[in-house]
Amino acid sequence: MTAPAAGAAALQRQAKALGDPTRYAIFCYLRDTDRPVDIAELTEHLEVHHNAIRQHLAKLVEADLVVEGKAPSTGRGRPRLRYSVGPAADARWGAGGPYERLSLLLTEIIRSGDSPIEVGRRAVRPRRLGAPPSTAATAVDDLVEEMARQGFEPQIRHRGERFEVELQACPFASSAAADPDTVCNLHLGMAYGVADEVGGLQVDELVPHDPMRGHCQLHGHMAPPKPVELEASPEPATS
């Protein structure tokens, strides 16, 4: 299938998925909230049974409109699943497509004069106020979730204290092929930004491959969070 034909087929699949009013309402809520949302919140907001919400979400995920991730674990039991708008959601549905996001990042590089790494570092979504801090067990999951939200289709491999995240797809493949230094450094900056936000891990390097084929690799290791520096108490006044 040619690229234009594949794009048209993807658009038709997304239009069909959004043809259901409940699915469209779910998508709009995730788009407008602009943060990962769990099934309980969607159930409460839409007043629809949670089993129906799950079925609708499955259709949205299948159509590449929504991505599924895991919330940080807060104790025993499985982590809650949470959902956000997928990077492949077409701009026609009110969501910014990957090249719209890239154009904004490139404009920011020109406007600010900052390096692609620094602009990429700022591009990741800040952690939601009140979200539980990451632990050693969840920090890499947070990295994987954010890279999935950006469109990299990540797969994680643990090797003791070290980890490797394989980025199976490049959301900016054509641009990365033309200017790998800029685009790959934007990607590396995004990974740095997530590590800054979640704490507990260090991203060491990005090993690039052919962007049209994907499978670039992020290498890193677990690291203790930086200690909080306390301000020194002022010296008592002497007479």
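The values are calculated or read from the model by the stated rules, or taken from the named source; none is laboratory data. Keep in mind that what you see is a predicted model, and the values were worked out from it rather than measured. Cβ atoms come from the backbone with ideal geometry, glycine included; neighbour counts cover every protein chain shown. Side chains included, ligands, DNA and RNA excluded: accessible areas come from the protein's heavy atoms. Shrake-Rupley method; radii C 1.70, N 1.55, O 1.52, S 1.80 Å.
Here are the numbers:
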{"read-out": "Sole exception among (1) touching a residue at least 60 places away in the same chain (Cβ under 8 Å); (2) over 18 Å from the mean Cα position of the chain (by Cα) for Pro180, by number", "value": "(1)"}
{"read-out": "Some residue of the stretch 88-104 being at pLDDT below 85, under 16 Å from Val203 (Cα atoms) and in a loop (DSSP other than H, G, I, E, B)", "value": "no"}
{"read-out": "Positions within the stretch 6-38 being among the basic types (Lys, Arg) and outside any helix (DSSP H, G or I), in sequence order", "value": "Arg35"}
{"read-out": "Some residue of the stretch 221-231 being at pLDDT 85 or above, of a type in the set (D, E, K, R) and either over 19 Å from the mean Cα position of the chain (by Cα) or under 20 Å from Val67 (Cβ atoms) (or both)", "value": "no"}
{"read-out": "Residue count, the stretch 8-32 (criterion: open to solvent by 40 Å² or more (accessible area, probe 1.4 Å) and at pLDDT below 85)", "value": "4"}
{"read-out": "Selected residue (only one of Glu44, Glu68 is modelled with pLDDT of 75 or more, open to solvent by 70 Å² or more (accessible area, probe 1.4 Å) and part of a strand (DSSP E or B))", "value": "Glu68"}
{"read-out": "Qualifying positions in the stretch 171-188 - farther than 18 Å from Ser115 by Cα, in contact with a helix residue (DSSP H, G or I) (Cβ under 8 Å, 6 or more places away or on another chain) and open to solvent by 30 Å² or more (accessible area, probe 1.4 Å)", "value": "none"}
{"read-out": "Failed condition for Arg157, given (1) part of a strand (DSSP E or B); (2) closer than 20 Å to Arg122 by Cβ; (3) of a type outside the set (S, T, N, Q); (4) open to solvent by 30 Å² or more (accessible area, probe 1.4 Å)", "value": "(2)"}
{"read-out": "Matching option when the condition is in a helix (DSSP H, G or I) and touching a Phe, Trp or Tyr at 6+ places or on another chain (Cβ under 6 Å), among Val144, Val194, Val183", "value": "Val183"}
{"read-out": "Cβ pairs under 7 Å, 6+ apart, first in the stretch 201-221 and closer than 18 Å to Pro180 by Cβ and in a loop (DSSP other than H, G, I, E, B), second of a type in the set (Asp, Glu) and open to solvent by less than 40 Å² (accessible area, probe 1.4 Å)", "value": "His215/Glu166"}
